[in-house]
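Beneath this line is the structure, given in structure tokens, with notes to follow.
What follows draws every value from the coordinates through simple rules; no lab data is involved. Because the structure is a prediction, the values reported are computed rather than measured. Note that each Cβ is placed from the backbone with ideal geometry, even for glycine, and that neighbours are counted across all protein chains shown.
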Amino acid sequence: MFLRSTALCVGLTTLDVVHHVDGTPAWGDKHRAVGGELLAGGPAANAAVTAAALLGSARLLTALGRTALAGPVRADLAQHRVTLLDMAPPDWPVPVASVMVDVRTGDRTVVGAAPAAGPDGRAAPAAGPDGTPGPPADLLDGVAAVLLDGHHPALAAAVAERAAAAGMPVLLDAGSWKPEVVGCLSNVTVAACSADLCPPGVRRAGDDPRAAADLLHRHGVPTVLVTDGARPVFWSVAAGGTGTVAVPLVTAVDTLGAGDVFHGALLAASASGVTGLVEAVEFAAEVAALRCTHLGGRSWLRDSALRTHADRLWSDTP
């Protein structure tokens, strides 16, 4: 039984092999990296690490398995206070992503695997390793808010339905349009879209955020955000009203996972009881900006400024 109030992330976990480079390698050449790291990646996993840093703990419902490549992922998540709830059989192959971060600009390039699939080709786990259908019965005990990243849609749908029935905020990381997630949208409270989201029949969200928001509102999502790097965050509420929130201007050193950090911080704000939309977005943007000022996927977690952000959440909690 879970007792402590926390946040839950549902979705993809990968093994990220990250190289820090000081130039763009040419195809067919060899290029010496100036650094690198091996860590857990994926939108849900990165959001969970962020939420845990701000709240003290977080949960991650995903498919990881127990192959050799899953070992570093498990260790990284445990070190950062993320409780792993693994719905995969032991031989499930953890997806591997190859990442290059240009230390001159902070830009990143990611080559990821196809959507996670088990050894028999199934697209997502439908049951736990013991064959029990669906997520654990006590999954939401102590949870104050939920984030879905659009991956493992069967799990996402089951969790979203439970969370919505409990009156719990449900956030969606809408980095790309996934038709199989449409069924979850009526249970989503806030959809945080990337500028590259391209819903059917609508222009890229960064080019026409109002149209993207209107489409999601029609699917039952009350609040929609569109993030676009250093540009202001667009917001829209179905009840009426749109606007933008400026993001902090920083010198980016490493932008890998910045969007995931934004979502994890937004989740933490929601879990801690922040009800003002602009206040929550400002908070998430500040945390994401802090992440971009550090080289490395975890080094930014040691910045004293992050503790200041976390303290703000706790001081504002009723």
Legend entry - Cα centre as origin, Lys/Arg/Asp/Glu Cβ charges: the chain dipole, Debye: 140
Inset, instruction - Please report, to one decimal in angstroms, the Kirkwood hydrodynamic radius of the range 230-318 built from all distinct Cα-Cα pairs. - result: 13.6
Legend entry - Net +/- balance of residues flanking residue 156 in space, Cβ distance below 13 Å, scoring K and R +1, D and E -1: -2
Legend entry - Overall Cα dimensions of the chain - principal axes, largest extent first, Å: 54, 48, 44
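What 222 nm value per residue comes from the helices of the chain, counting each DSSP H run with n ≥ 4 as -39,500 (n - 2.57) and dividing by all residues, nearest 500 deg cm²/dmol?
Working: 7 runs with 89 residues, N = 318.
When only DSSP H runs of four or more count, the value is -9000 deg cm²/dmol.
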Legend entry - Inter-probe distance in nm under a simple model that places probes 7 Å from Cα toward Cβ, at residue 238 and residue 75: 4.6
Inset, instruction - For the chain, calculate the relative contact order in percent as a whole number, restricting contacts to Cα pairs under 8 Å that are 6 or more residues apart. - result: 17
Legend entry - Hull volume in cubic angstrom per residue (convex hull over the Cα atoms of the range 44-114): 102
Legend entry - Distance (nanometres) between label positions extended 7 Å along Cα→Cβ at residue 207 and residue 303: 3.3
Inset, instruction - Sort largest first and round to whole Å: the equivalent ellipsoid semi-axes of the range 1-83, each the square root of five times a Cα gyration tensor eigenvalue. - result: 30, 14, 10
Legend entry - Three principal axis lengths of the range 161-209 [C-alpha, angstrom, descending]: 35, 17, 12
Inset, instruction - Report the antiparallel proportion of the DSSP beta bridges in the chain as a percent, rounded to a multiple of 5. - result: 40
Legend entry - Distant-in-sequence amide H partners of residue 143 (H built 1.01 Å from N, under 5 Å): 6
Inset, instruction - Just report the Cα centroid separation between the range 241-279 and the range 9-67, whole Å. - result: 19
Legend entry - Percentage relative contact order, the range 155-231, counting C-alpha pairs under 8 Å, at least six apart: 28
Inset, instruction - Would you compute the Debye intensity of the range 159-318 from its alpha-carbon atoms alone, equal scatterers and no solvent, and pass along log10 I(q)/I(0) at q = 0.09 Å⁻¹ to two decimals? - result: -0.29
